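First the structure, in the form of structure tokens, and then the observations on it.
The values are calculated or read from the model by the stated rules, or taken from the named source; none is laboratory data. Since this is a predicted model, take the numbers as computed values, not measurements. Backbone-built Cβ (ideal geometry, glycine too); neighbour counts: all protein chains shown. We work out accessible area using only protein heavy atoms, side chains counted, and drop any ligands, DNA or RNA first. Shrake-Rupley method; radii C 1.70, N 1.55, O 1.52, S 1.80 Å.
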Amino acid sequence: MRQTPLYGEYAAHGGKAVDFHGWALPVQFTGIIQEHLHTRSKAGLFDCSHMGEFLLTGEAAIRGFDRMVFGDMISLKPGRCRYTGILNERAGIIDDCVGLKLSENELYVVTNAGPLEKVSAMILGACPGAVDLSDATAKLDVQGPLAREVLLSLGFDAIAPLAYWTGIRTRWRDAELLITRAGYTGELGYEIYMPNALAPELWRVLAAHPDVAPCGLGARDTLRTEMGYPLNGEDVTESITPLEAGMERFIAWDKDFIGKSILEEQRVRGCHSVLVAIRSASRQAPRHGFEVKHEGQVVGEVTSGTFGPSVGCGVGLARVPQAVAAPGTKLAAGPRDLVIEVAEMPVYTGGTCRRKF
Amino acid sequence: MNPSELKYTEDHEWVGCAGDLYVVGITDFAQHQLGDITFVELPKVGRVVKQHEETAAVESVKAAGDVYAPIAGTIAAVNETLETQPELVNQDPYGEGWFFRLGHVDAAQLSDLMDEAAYKDFLAKNPD
């Protein structure tokens, strides 16, 4: 298994590594629920160094990437981030990713660990001069209502003006790093990209802060599931299109991209199935792979499911036909017909991610 | 319950004698493996169970599993507190986190089970 530059830091906080897409990453430190609730109330620290990062410089590279994704990367303003995805010819989602326009001439792209090898080859092939920074880059997410105060107290003055979904290039202790105000938890938070060598030092400084708790993949999953954020490889795969995944608002219909004609047809014809948020009526959780039934008939499948510590019931995502996708629709999931219903997204509504300063 | 006085299964249940009844729960190892326990489904009082029959269910944030009856008997009582405080299984697996009590047991089946030393030995050989 591959290790991030922070592998040596986990044990000091009780973290035990497991295999996540070939990476040795911690599932939990003190406990998933405790870490989840700490992130919702104070600040959680997540090692996301397994993710992919690319720097595209120059118009040709940015145009090349723009053709690969359904979002508009050309009109994206410097300093802004945009959520998007790379599609195959059938409009299936190979990867969902984020672009940060560092300057008029530079686009920084963040991708998932699972399909990284394939995505790297695609980006390097389509974007002249693109650089794959994944192996050289560590990523730490600081997420929670106190994340901003924590970073300001540690000298990250540059983050003060950042609005949701913006980013900045800055320096800390003589190293250059990138910080975006984004995340995967629903809370106010920042994602910090830095050279590998700086990561252990920054981790220790952050982890020593009294309001910060190291968090593992387990809490990352419960936090994102309560928000209805899809996970690549589970909820979002090459067999689902962005329309089916509920990403229509991120599609730039006025530009060209791979898979667009399929999406246009689907837009007219309508989607057979869509991704919806679900919640159970009890503490019992729906699980990935559970069949979903409506009035006794199998109609779909649970793609993610867990107990939601902040909502006190089972939460998840499921692929179901349009006809049963309206919030409030009663469904059953799994071998014991767990009672679930389609929920408004997000299921957890107390998140602080959009807080204004 | 005192772990040294209990009997253990390879599925990580424990059973111990308490007066006329036998108390059943899951072991400290099992609760550690499961992590934060979020849901417990308990059997109905009066149900007759065979040895190794699926009797209760337990879920954590990351996993779900069944709890089997270590010995045959009749469900005499269940720990209803777990329905609202399943975390008691994590906090006190041999005490407040018990699952159910069995009456009319087949006590001879206790000899099929491991004592504490044998269970520790079993865990050493099966660390996952």
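Assorted remarks:
- Residues located in the stretch A:22-50, provided they are touching a Lys or Arg at 6+ places or on another chain (Cβ under 9 Å), open to solvent by 20 Å² or more (accessible area, probe 1.4 Å), more than 19 Å from residue A:225 (Cα to Cα) and not aromatic (Phe, Trp, Tyr): A:22
- For the stretch A:143-158, the set of residues classified as among the aliphatic types (A, V, I, L, M) and farther than 17 Å from residue A:356 by Cα consists of A:154 only.
- Once the stretch A:89-114 is narrowed to residues that are open to solvent by less than 20 Å² (accessible area, probe 1.4 Å) and assigned to a loop (DSSP other than H, G, I, E, B), the residue that is nearest to residue A:70 (Cα to Cα) is A:91.
- Residue match in the stretch A:313-322 (condition: small (Gly, Ala, Ser), under 22 Å from residue A:231 (Cβ atoms) and either within 12 Å of chain B (Cβ to nearest Cβ) or in contact with a helix residue (DSSP H, G or I) (Cβ under 9 Å, 6 or more places away or on another chain) (or both)): yes
- Positions within the stretch A:182-217 being small (Gly, Ala, Ser) and part of a loop (DSSP other than H, G, I, E, B), in sequence order: A:182, A:183, A:186, A:208, A:216
- Of the criteria (1) open to solvent by 10 Å² or more (accessible area, probe 1.4 Å); (2) in contact (Cβ under 8 Å) with a residue 24 or more places away in the chain; (3) of a type in the set (A, V, I, L, M, F, W, C), which one residue B:14 fails: (1)
- Complete set of residues in the stretch A:258-305 that are more than 14 Å from chain B (Cβ to nearest Cβ) and among the small types (Gly, Ala, Ser): A:259, A:261, A:270, A:273, A:277, A:296, A:300
- Qualifying residues in the stretch A:51-63 (those that are surrounded by fewer than 21 Cβ atoms within 10 Å (Cβ to Cβ) and in a helix (DSSP H, G or I)) - the one nearest to the other protein chains (Cβ to nearest Cβ): A:63
- All strands (runs of 3 or more DSSP E) inside the stretch A:273-357 with 1 or more residues being in contact with a Pro (Cβ under 7 Å, 6 or more places away or on another chain) and open to solvent by 40 Å² or more (accessible area, probe 1.4 Å): A:297-308
- Screening the candidates A:45, A:37 for the property of being part of a helix (DSSP H, G or I) and among the hydrophobic types (A, V, I, L, M, F, W, C) yields one hit, A:37.
- Test for residue A:130: is it of a type outside the set (D, E, K, R), touching a residue at least 12 places away in the same chain (Cβ under 8 Å) and more than 20 Å from residue A:257 (Cα to Cα): no
- Subset of the stretch A:218-242 (residues that are of a type in the set (A, V, I, L, M, F, W, C) and part of a loop (DSSP other than H, G, I, E, B)): A:231, A:240
- Residue count for the stretch A:158-190 satisfying the condition of being in contact with a Lys or Arg (Cβ under 6 Å, 6 or more places away or on another chain) and crowded, with 17+ Cβ neighbours inside 10 Å: 6.
- Residues (in a strand (DSSP E or B) and among the hydrophobic types (A, V, I, L, M, F, W, C)) located in the stretch B:1-19: B:14, B:15, B:17, B:18
- Of the residues A:78, A:5, the single one that is open to solvent by 10 Å² or more (accessible area, probe 1.4 Å), away from every other protein chain (no Cβ under 14 Å), over 25 Å from residue A:217 (Cβ atoms) and not in a strand (DSSP E or B) is A:78.
- Residues (within 11 Å of chain A (Cβ to nearest Cβ), outside any strand (DSSP E or B) and open to solvent by 30 Å² or more (accessible area, probe 1.4 Å)) located in the stretch B:20-42: B:32, B:36
- Applying the set (1) open to solvent by 10 Å² or more (accessible area, probe 1.4 Å); (2) away from chain B (no Cβ under 14 Å); (3) in a loop (DSSP other than H, G, I, E, B) to residue A:73 leaves exactly one unmet item: (1).
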